[in-house]
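*Asks:* Have a look at this one before I ask anything.
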Amino acid sequence: MSILTLWPALLLALLVRTISPTVPLPLTFPVPAGVPNQLFYLQRDPNTNTVIYQLNVNSAGQVDADEPINVFWLRYDEQGQRKDLNFIQRKFAYGLTATKLAPDKYELKFAAYNKVPFLLMKSSVDKAFHVFTVVGGKQIVLTRVYLRIEGGTFWVPNVRYIEFKGWNAATREPIVARVSV
């Protein structure tokens with residue numbers, strides 16, 4: 001079959017996707033770059049704005065024990081500027097609480113979902129801080145978290161799954177793991 005034979009069908013499909021509000025175009029998510037001490041980032045539907053989780057260090061390079069992680073937006077839908085989370089976002093959605101467990105080791109809990117434990121700690125391999133979690137029996141060093149949201153409300157979004165991306169802490173191989181919610 002030639003492209004000329006398929007052209008009317010392709011054009012119709014493109015027009016339907018362009019004018020139909022019920023058939024959303026898939027989002028292309030940017031990969032944040034140039035953020036010093038970035039630990040991981042979070043992306044979710046319905047837009048490309050990205051939440052950055054950054055190691056909070058003082059001028060001497062030491063982790064701030066009271067607030068080891070800075071959390072903020074990169075507002076890609078608004079020219080990519082940095083913006084702090086508002087109170088509701090920090091306390092009920094994307095914010096983290098950190099509890100110091102030992103020197104250079106913190107337990108982290110997301111405001112909206114605390115069923116998956118996270119640890120901020122130094123890696124024995126590269127001696128740098130990373131955020132670790134265990135999914136499917138494998139310890140993952142996080143680089144990205146993605147929330148697939150389909151409808152719901154402002155206070156109760158319908159999260160279909162959470163996808164964790166990073167590398168296997170034991171083998172250093174790339175890994176992607178999904179958790180149904």
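*Asks:* Over its Cα atoms, what ratio of radius of gyration to 2.2 N^0.38 Å does region 128-181 give? Numbers along the way, then the final one.
*Replies:* Details: Rg = 13.0 Å, N = 54, 2.2 N^0.38 = 10.0 Å.
Scaled against compact globular proteins, the figure is 1.29.
*Asks:* Here's something else I'd like to know. Could you run the Karplus curve 6.51 cos²θ - 1.76 cosθ + 1.60 with θ = phi - 60° over region 135-146 and give me ³J(HN,Hα) per residue in whole Hz, x for Gly and Pro?
*Replies:* 9, x, x, 10, 7, 10, 8, 6, 10, 8, 10, 10
*Asks:* Mind giving me the nanometre distance, one decimal, between the label points for M121 and Q38, set 7 Å out from Cα along Cα→Cβ?
*Replies:* Going by the 7 Å Cα→Cβ label model, 2.6 nm.
*Asks:* Take the Cα radius of gyration of the chain and divide it by 2.2 N^0.38 Å, with N its residue count; two decimals is plenty. The partial results should precede the final answer.
*Replies:* On the way: Rg = 19.4 Å, N = 181, 2.2 N^0.38 = 15.9 Å.
In units of the globular-protein estimate, the chain measures up at 1.22.
*Asks:* Follow-up question, since we're still on this one. Taking only protein heavy atoms and a 1.4 Å probe, what accessible area per residue, in Å², does the chain have with all protein chains in place?
*Replies:* Working: 11300 Å² over 181 residues.
For the chain, the solvent-accessible area averages 62 Å² per residue.
*Asks:* Same structure, new question: Taking region 86-134, which chymotrypsin sites (Phe, Trp or Tyr not before Pro) meet the DSSP loop condition and have no more than 10 other C-beta atoms within 10 Å?
*Replies:* On the way: sites: F87, F92, Y94, Y106, F110, Y113, F118, F129, F132; in loops: Y94, Y113.
Passing sites in region 86-134 do not exist.
*Asks:* Here's a follow-up. Find how many whole Å separate the alpha carbon centroid of region 72-118 from the alpha carbon centroid of region 132-181.
*Replies:* What the calculation gives is 15 Å, centre to centre.
*Asks:* Only Cα pairs under 8 Å and at least 6 apart count here; give the relative contact order of the chain as a rounded whole percent. Walk me through the intermediate numbers first.
*Replies:* Working: 319 pairs, mean separation 23.6, N = 181.
It comes to 13 percent, rounded to a whole number.
*Asks:* Return the carbon/sulfur percentage of the accessible area of region 35-128, one whole number, probe 1.4 Å, all protein chains in place. Please report the intermediate quantities before stating the final value.
*Replies:* Working: 2510 of 5250 Å².
Accessible surface attributable to carbon and sulfur in region 35-128 totals 48 percent.
*Asks:* Between A65 and E163, 0.36 nm times their residue separation minus their Cα-Cα distance comes to what? Walk me through the intermediate numbers first.
*Replies:* Values: separation 98, 0.36 × 98 = 35.28 nm, distance 2.84 nm.
Stretched fully, the A65-E163 segment lengthens by 32.4 nm.
*Asks:* Over region 100-181, what relative contact order in percent results from Cα pairs under 8 Å that are six or more residues apart? Don't jump to the answer; show the numbers that get you there.
*Replies:* Working: 148 pairs, mean separation 15.2, N = 82.
About 18 percent, as a whole number.
*Asks:* Moving on. Where does the charge balance sit around G151 when Lys and Arg score +1, Asp and Glu -1, over other residues with C-beta under 12 Å from its C-beta? Display every interim value, and only then the final one.
*Replies:* Working: positive: R148, R160; negative: D45, E150.
Surrounding charge for G151 is 0.
*Asks:* Given 37 °C and 0.692 mPa s, compute D for region 69-166 with the Stokes-Einstein relation, Rh being the Kirkwood radius over Cα pairs; round to the nearest whole µm²/s.
*Replies:* 218 µm²/s
*Asks:* Can you tell me the dipole magnitude for region 46-163 around its Cα centre, using point charges on the Cβ only (Lys, Arg +1; Asp, Glu -1), in Debye to the nearest 20?
*Replies:* Working: 15 positive and 11 negative charges, 50 e Å.
In total the dipole reaches around 240 debye.
*Asks:* When the helices in the chain are scored as -39500 (n - 2.57) per DSSP H run of 4 or longer and the sum is shared across all residues, what 222 nm value do you end up with, to the nearest 500 deg cm²/dmol?
*Replies:* Value at 222 nm, helices only: -4000 deg cm²/dmol.
*Asks:* Do any of K83/K127; K100/K138; K91/K138; K91/K127 go past 27 Å between their Cα atoms, and which?
*Replies:* K83/K127; K91/K138; K91/K127
*Asks:* A further question follows. Which longest uninterrupted range of the chain lacks any trypsin sites (Lys or Arg not before Pro) assigned by DSSP to a loop state (not H, G, I, E or B) and surrounded by at most 10 other Cβ atoms within 10 Å?
*Replies:* Numbers: sites that count: K115, K127.
My reading of the result: 1-114 is the longest stretch.
*Asks:* Working from Cα positions, state the angle (0 to 90°, nearest 10) between the long axis of helix 3-19 and the longest principal axis of the chain.
*Replies:* The angle comes out near 60 degrees.
The values are calculated or read from the model by the stated rules, or taken from the named source; none is laboratory data. The structure displayed is predicted, hence computed values, not measured ones. Cβ: placed from backbone, ideal geometry, glycine included. Neighbour counts: every protein chain shown. Quick note on the areas: whole protein, heavy atoms, side chains included, nothing else; ligands and nucleic acids left out. Shrake-Rupley method; radii C 1.70, N 1.55, O 1.52, S 1.80 Å.
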